[in-house]
Amino acid sequence: MVLKIQKSIKKVSLILAVLIVFLSLNLSAEDNEEGKCEEAFKSCMINALTYLPNFALFYVYTAYCTNGYIFCKKYLER
Amino acid sequence: MSGKQLFLVPFLAIVLYSHLLSLQRKELQKLYLEEVLSIGSLDDDALFQWVGVVADSNHYIYVTDTMDYSLKKFDVKGKFLKKTGRRGQGPGEFLAPRYIDMSEQFLYVTDQFKPEIQVFDKNLNYRRSVPLSMPVSDLKVLSDDEIAVATVSMTKAGRIFIFDSKGKVVREFQYADKKMPLMMDMVSFDIDSQGILYLAYNHQDKIEKFGPEGKKLWSKNLLGIKKVKREKIASIELPAKFVYKDVALDSSGNIFILGGSFSKNPSSDVYVLSPEGRLLTTFTLPDASHCIYIDNKDFLYSRANEGVTLKKFKLKYIYE
């Protein structure tokens, strides 16, 4: 019984943690008007989250997302 | 020889030498562009959205076309010759082809989403790949054994890495004194044949020159910008605007810097500095561009029509 409760707590904590990360990405309705580069960057960062268990991979993926965002701004921005 | 002649000969030599020196000291007063070639338009499919360009000594032009997932070759008159590549992750395939540079024999092409530089011969045949451990924000091929790369670093101060043909870092050069907030030390760079390095910071008002041994020779700011605003995107603070977008050198060692959002004509103004860092003149591209490239015959290449067109200009120098 105690073991079951502990497992549930762990599950809920993990879900909450992922939720907090998602919310902190500011994916609200108001963001619909942001530029293409910003949208692409957020999309890339969401994909990066899938690598989170392996922090080294997540770090590299984030660097690629950031590089891509900067290139997008360089190309499109006046 | 009489006494008079003995005096006159060295005197005339000195006068002639001084005159020759004064001729050499003539400074670039103005520079304008004469369009000589236009490749691609809204009415054809020569180019869809080009990103990188390089020209060889025979005036062939090589272009990365990101929306066409390809590398393309054109002749000196702009006639399409050949294309290679398709969308994919395999050898010779592209997900998002970006920067290109070349050695005597080979073309080196980066890809936004592939951790490697792909190498092609001048007939656009895929030869091999150089594995890379980092994303590339600018590229310069020094030789077939040395490729200089500027990159994004989340933790280290700004540096340029020199890779060998196997993708091993053989040298690294730290140009920033300390780690700056994310992206603030990103640069575009060029290296001349003497190994002298020129940096144009993308998000700071700073242009720098370093000697081959790594010593900073000078640092300039042209626009009087103290700080570039940063904004939060996906919880990460990133610089909002570009100060300088690219740097290129002409055959005289003059430095051409493409301005960004803070220029009077955003992404179109080009500042020309002497090798000593003195601002000589400014000119404006007819269309906004993300890059400038100057070949070894002093032709300048830039973008038009949002990347559908590649323009080639002869640089016309006016000296005082």
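Only the coordinates and a few stated rules stand behind these numbers; no lab work does. All of these numbers come straight from a predicted model, not from anything done at the bench. Glycine gets a Cβ as well: all are built from the backbone with ideal geometry, and neighbour counts include every protein chain shown.
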Do you know which of the residues in region B:125-183 that are farther than 26 Å from B:Ala240 by Cβ, part of a loop (DSSP other than H, G, I, E, B) and not hydroxyl-bearing (Ser, Thr, Tyr) is farthest from the other protein chains (Cβ to nearest Cβ)?
B:Asn125
Go through region A:39-51 and report how many residues are in contact (Cβ under 8 Å) with a residue 12 or more places away in the chain and either of a type in the set (A, V, I, L, M) or surrounded by 13 or more Cβ atoms within 10 Å (Cβ to Cβ) (or both).
8
Please go through region A:32-57 and give me each residue that is more than 11 Å from every other protein chain (Cβ to nearest Cβ) and of a type in the set (Phe, Trp, Tyr), ordered by number.
A:Tyr51, A:Phe55
Considering residues of region B:258-279 that are away from chain A (no Cβ under 14 Å) and of a type in the set (A, V, I, L, M, F, W, C) only, the residue surrounded by the fewest Cβ atoms within 10 Å (Cβ to Cβ):
B:Leu279
Tell me yes or no: at least one residue of region B:160-170 is crowded, with 16+ Cβ neighbours inside 10 Å and among the acidic types (Asp, Glu).
no
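Okay, residues lined up against (1) buried (at least 22 other Cβ atoms within 10 Å of the Cβ); (2) within 21 Å of B:Met102 (Cα to Cα); (3) away from chain A (no Cβ under 14 Å):
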site	(1), (2), (3)
B:His203	yes, no, no
B:Lys215	no, no, yes
B:Ser219	no, no, yes
B:Asp295	no, yes, yes
B:Ser302	yes, yes, no
Report, ordered by the first and then the second residue, all pairs with beta carbons closer than 9 Å, sequence separation of six or more or different chains, a first member in region B:178-196 that is at positive phi, and a second member that is hydrophobic (A, V, I, L, M, F, W, C) and assigned to a loop (DSSP other than H, G, I, E, B).
B:Met183/B:Val152
Is region B:240-259 home to any residue that is under 18 Å from B:Ile160 (Cα atoms) and aromatic (Phe, Trp, Tyr)?
yes
For region B:198-218, the count of residues that are under 25 Å from B:Leu31 (Cα atoms), in contact (Cβ under 8 Å) with a residue 40 or more places away in the chain and of a type outside the set (Asp, Glu) equals 8
Can you say whether B:Phe120 is within 21 Å of the chain's Cα centre (by Cα) and within 14 Å of B:Ile100 (Cβ to Cβ), as far as the supplied structure shows?
yes
Restricting region B:221-238 to residues that are facing chain A (nearest Cβ under 8 Å) and in contact (Cβ under 8 Å) with a residue 12 or more places away in the chain, the one nearest to the chain's Cα centre (by Cα) turns out to be B:Leu238
Name the residues in region B:81-95 that are surrounded by fewer than 18 Cβ atoms within 10 Å (Cβ to Cβ), free of Cβ contacts under 8 Å to residues at least 40 places away in the same chain and not in a loop (DSSP other than H, G, I, E, B), would you?
B:Leu81, B:Arg87
Output the number of the condition that B:Arg98 fails; it satisfies all remaining conditions of (1) within 14 Å of chain A (Cβ to nearest Cβ); (2) within 20 Å of the chain's Cα centre (by Cα); (3) part of a loop (DSSP other than H, G, I, E, B).
(3)
Could you count how many residues in region B:286-305 are assigned to a loop (DSSP other than H, G, I, E, B) and closer than 13 Å to B:Asp246 by Cα?
5
